[in-house]
Amino acid sequence: MSGILYFVPTPIGNLEDMTYRAVRVLKEVDYILCEDTRTSGVLLKHYEISKPTRAYHLHNEHQATQRIVDDLKNGSSVAIITDAGTPGISDPGYLLARACADKDLEIICLPGATAFVPALVVSGLPNNEFFFAGFLPPKKGRQTKLKELAALGKTVVIYESPHKINTALEQILEFFGPETRLSLSREISKKFEETKRGTIEELIEFSKSKTLKGEIVLVVNNTIN
C-alpha cells in the first residue's frame, strides 16, 4: 500500500502556532523534507521530533521529486515543511504535489500558519474576493504584472522583502493610482508585529521614515474610497 505525503505548515514566527496534529504527524512519518534542514532543525528540536530529514528546496526539487514519489509508492509516509508557513505557498512543494497527483498518490495538507491570511483579515480591506499574487517578478515582467493586478478591480495580496519595499510601493502608486488603499503587515506573530494602514502615499511616507525588517505582506485595493 502506498504511503501518504503530508504538507505540514510550520510557524511563521511564534513557535506556539504549531498545531498538536502537525507535531504528531511529524513524529509518525518516515522522514521529513525541509527547505533548509538547519532552520527546520530548530523547530524539530523544540518539539522533540527526531525523524530523518532531507533537503528539498528550489534548487534540487526537480532532481529529488521522482525519488520521493518512488518512496511513497513503496509505502513510505513523508512530510514536507518549509522554513515558515504552508509548503507550496510561495515556497517549494508544488512540483511534488503535482507529481503525486499525477500518480494518484494520497496527499494531505494540514491547516495551519500562512502569512497572507492574518494580513488580509486585519487589513480592513474587502476580503470576500481577493487575488493572491505572492512575490512579484524580480525584474522582467514586473511592470506587466502590476498592470494586470491593478486592472483586476479587487483586493490584491503581495509578498515583498524589506530591501525592495520602497520600490514596490512607488510602483504600486504608479500602476494602481494615488487613491489606492493599502495595508502593510510585517513580523506577523512575532514580538514586534506591526500593521500600518492608509493611502498608498501615506504608506510610502511611513516606509521611508524607518528601516522595515522582516518579510512584508501588502494588501492593496484601488476600488474603494
Note to self, the chain gives a 222 nm [θ] from helices alone (DSSP H runs n ≥ 4, -39500 (n - 2.57) apiece, / all residues, nearest 500) of -10000 deg cm²/dmol
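Can you pick out the pairs among Lys140/Lys164; Lys140/Lys210; Lys190/Lys213; Lys139/Lys164; Lys164/Lys213; Lys164/Lys210 whose Cα atoms lie more than 21 Å from each other? Present the calculation step by step, with values, prior to reporting the outcome.
Numbers: Lys140/Lys164 15 Å; Lys140/Lys210 28 Å; Lys190/Lys213 12 Å; Lys139/Lys164 11 Å; Lys164/Lys213 11 Å; Lys164/Lys210 14 Å.
With Cα atoms farther than 21 Å apart: Lys140/Lys210.
Find out how many positive minus negative residues lie around Glu148, taking Lys and Arg as positive, Asp and Glu as negative, among other residues whose Cβ is under 13 Å from that of Glu148. Before the final figure, lay out the partial values.
Numbers: positive: Arg142, Lys145, Lys147, Lys154; negative: none.
So the environment of Glu148 carries a net charge of +4.
What does the charge count near Thr195 come to, summing +1 for each Lys or Arg and -1 for each Asp or Glu among other residues with Cβ under 15 Å from its Cβ? Provide the component values of the computation, followed by the final result.
Working: positive: Arg181, Arg186, Lys190, Lys191, Lys196, Arg197, Lys210, Lys213; negative: Glu160, Glu187, Glu193, Glu194, Glu202, Glu215.
Counting the neighbours of Thr195, the net charge comes to +2.
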Whole-Å distance linking the alpha carbon centroid of the range 24-61 with that of the range 147-225 is 33 Å
Length gained, Leu58-Ala101, 0.36 nm per residue minus C-alpha separation, equals 13.5 nm
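Please state the equivalent ellipsoid semi-axes for the range 116-221: what are the square roots of 5 times the Cα gyration tensor eigenvalues, largest first, in whole Å?
Details: eigenvalues 71, 50, 35 Å².
Semi-axis lengths for the range 116-221 are 19, 16, 13 Å.
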For Lys51, counting only aspartates and glutamates whose alpha-carbon sits under 13 Å away and dropping same-chain residues fewer than eight positions off, the answer is Glu28, Asp30
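Considering only DSSP states other than H, G, I, E and B, which GluC sites (Glu not before Pro) in the range 110-180 qualify as loop sites with at most 14 other Cβ atoms within 10 Å? Working shown, then result.
Working: sites: Glu129, Glu148, Glu160, Glu170, Glu174, Glu179; in loops: Glu129, Glu179.
Listed in order of number, the matching sites are Glu129, Glu179.
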Residue separation between Asn14 and Phe192 times 0.36 nm, minus their alpha-carbon distance, gives in nm 63.0 nm
Cα-based Rg then Dmax for the range 4-109, in Å, read 12.6, 36
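Hey, what D do you get for the chain in µm²/s if you plug the Kirkwood alpha-carbon radius into Stokes-Einstein at 4 °C and 1.567 mPa s? Could the numbers behind the result be given before it?
On the way: Rh = 18.8 Å.
In µm²/s, the coefficient rounds to 69.
Laboratory data are not the source of any read-out in this text; all were calculated from the coordinates shown. If you're wondering where the values come from, they're calculated on a predicted model, not measured in any experiment. Please note: Cβ atoms are built from the backbone with ideal geometry, for glycine as well, and neighbour counts cover all protein chains shown.
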